[in-house]
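What follows is a single structure, written as structure tokens, with notes after it.
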Amino acid sequence: MKIKKYVVEDVKDALKQIKRDLGEDAVILGTRKFKSGGFLGFGSRTKYEVTAVAEEKKEEIKSKTPPKDEEWIDSKKLYELKRILSKNVQAQAETSPSPKERPKTPSVPSTGYSVGLPKIEKVDEDSSFTRLSGVPATEWGGGDDAGARDVSGLRKDMLAMKRMIQDLSVKIGKEHYLPGLPERFRRIYEALIDQEVNQDLSRRMVESLRIVTNDGMDNTMEVERKFSEVLSPAIRTDNFIKNHEKGDILFFIGPTGVGKTTTLTKIAAMLSLEMRKRIGILTIDTYRIAAVDQLKTSADIMGIGVGVAYNPKELSMLLERFKDFDLVLVDTAGRNQKNELQMNELSRYLQIVNPKYKLLTMSMNTRSKDMYSIIEHFSVIAPTHLILTKMDETSVYGSFLELSSRYDIPVCFITNGQRIPEDIMIADSKRLASFIVKEVLTNARPVGNA
Ligand SMILES: Nc1nc2c(ncn2[C@@H]2O[C@H](COP(=O)(O)OP(=O)(O)OP(=O)(O)O)[C@@H](O)[C@H]2O)c(=O)[nH]1
Ligand SMILES: [Mg+2]
């Protein structure tokens, strides 16, 4: 199997190259839109990275010399990729209606690109993923009318695939970057890697820093400022306090023990005590008796009532009662993202309520790979925002950059302690960038220059 990446300004060019290099049977795995070049975001050009895969012809395999180290593709990962693709095909084929039952008009408009390859379509507006049309649903798995459940399952698998492709591309595109790099920038590059920023992203950030500092690093304050300017556009945040609207519903979701209830209470305090908003609090966490008490104790102090719902119907009835409130905050029980039953139950609540804010809460002291796995599992319920908690328990902040580069979900709050209500901050890309910069520049100092 051959995987190739193409960076182009027009997707049509990539399709021509794919057809030429990989043949008619090539499959598009994904497209990513990004800005390239320019200075601090000005004058940059829109480019597309298209990843395609094709089976190797028998004669090519025979004549192939063993791959060089840097070209080596992890065969286990490729096997996994193949498995996911075939799993999708199988699962979707089982649930897809027959061609007769399918509506004639596709719900997603085609982009119209065609060079003998199947057409590319967007899966949904928020995603940069593409899928192929012009292929029978039984071959591709889905078709335009696949149900919401299929789409969310597909989204989860696609995210896993995207991550695998990113990991592979780092391996495939591994360059001999370090030897040519001036010492001080090499130390910054290594400090970024220590912050768990991937090689590719670290390299891009260092290269941008070299450009904006003209390869000079004399004034520390100036370097700090310029480095923050380089990093902050790469961090996605959303200021909830500024952007929310009356009547919005916030659902706090996430793994167990990450700080959902504590963060909900902090936000409720901020909104009701400081901003004088009329807040309603509901909980569907009825598994532990202590959970309701935990919420009620702090809500009582703020003079906010807490409603408890034992099923989706009760929740929608309670929400009806709260409909004139400024905001309603809903606490949920921690979910083990690998437990499908728990995830399905949560989905049922979300289908009925369809809240504007689905706040996936994760602890920053979680290993990066586990964070990616959490996001991928929770993607079946399409979280709209991230809340990152327990920043006080780590000094690794690369997740601010990594999560933004991997997933299109903005961070809206960061929490940094157990105290209610003070240990919370509104996520702001410049501020988050400055945490990484301070840590990186401190760690990148030459020994004896502390
Ligand atoms: N250090 C630190 N601890 C925190 C932070 N946020 C929450 N905690 C603590 O984490 C523990 C779990 O917090 P909860 O709010 O109960 O977590 P949860 O996600 O609601 O837990 P479940 O409902 O059981 O899934 C408590 O001891 C909190 O005080 C934080 O930002 N920093
Ligand atoms: Mg809780």
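Residue check, residue 287 against (1) of a type in the set (Ser, Thr, Tyr); (2) open to solvent by less than 50 Å² (accessible area, probe 1.4 Å); (3) over 28 Å from the mean Cα position of the chain (by Cα), all met but one. Which one?
Failing condition for residue 287: (2).
Which members of segment 308-349 meet the condition of being aliphatic (A, V, I, L, M), more than 16 Å from ligand 2 (Cβ to nearest atom), under 22 Å from residue 409 (Cα atoms) and surrounded by fewer than 21 Cβ atoms within 10 Å (Cβ to Cβ)?
The answer is 343, and nothing else.
When you check residue 253 against the structure, is it more than 13 Å from ligand 2 (Cβ to nearest atom), in contact (Cβ under 8 Å) with a residue 40 or more places away in the chain, among the β-branched types (Val, Ile, Thr) and in contact with a strand residue (DSSP E or B) (Cβ under 9 Å, 6 or more places away or on another chain), yes or no?
So residue 253 does not fit the description; no.
Kindly evaluate residue 318 against the criterion of being assigned to a helix (DSSP H, G or I), touching a Lys or Arg at 6+ places or on another chain (Cβ under 8 Å) and not hydroxyl-bearing (Ser, Thr, Tyr).
No: the conditions fail for residue 318.
Can you pull out every residue in segment 405-428 that is surrounded by fewer than 22 Cβ atoms within 10 Å (Cβ to Cβ) and small (Gly, Ala, Ser)?
405, 417
Only helices (runs of 4 or more DSSP H) wholly contained in segment 356-450 count here; list those with 1 or more residues that are farther than 16 Å from residue 237 by Cα and among the hydrophobic types (A, V, I, L, M, F, W, C).
368-378, 429-444
Yes or no: segment 311-322 includes at least one residue that is more than 26 Å from the chain's Cα centre (by Cα) and either of a type in the set (S, T, N, Q) or within 16 Å of ligand 1 (Cβ to nearest atom) (or both).
Within segment 311-322 (the criterion being more than 26 Å from the chain's Cα centre (by Cα) and either of a type in the set (S, T, N, Q) or within 16 Å of ligand 1 (Cβ to nearest atom) (or both)), the answer is yes, since at least one residue qualifies.
The values are calculated or read from the model by the stated rules, or taken from the named source; none is laboratory data. Since we're looking at a predicted model, the values are computed, not measured. When we count neighbours, we look across all protein chains shown, and the Cβ atoms used for this are built from the backbone with ideal geometry, even at glycine. These accessible areas exclude ligands, DNA and RNA; they are computed on the full protein's heavy atoms, side chains included. Shrake-Rupley method; radii C 1.70, N 1.55, O 1.52, S 1.80 Å.
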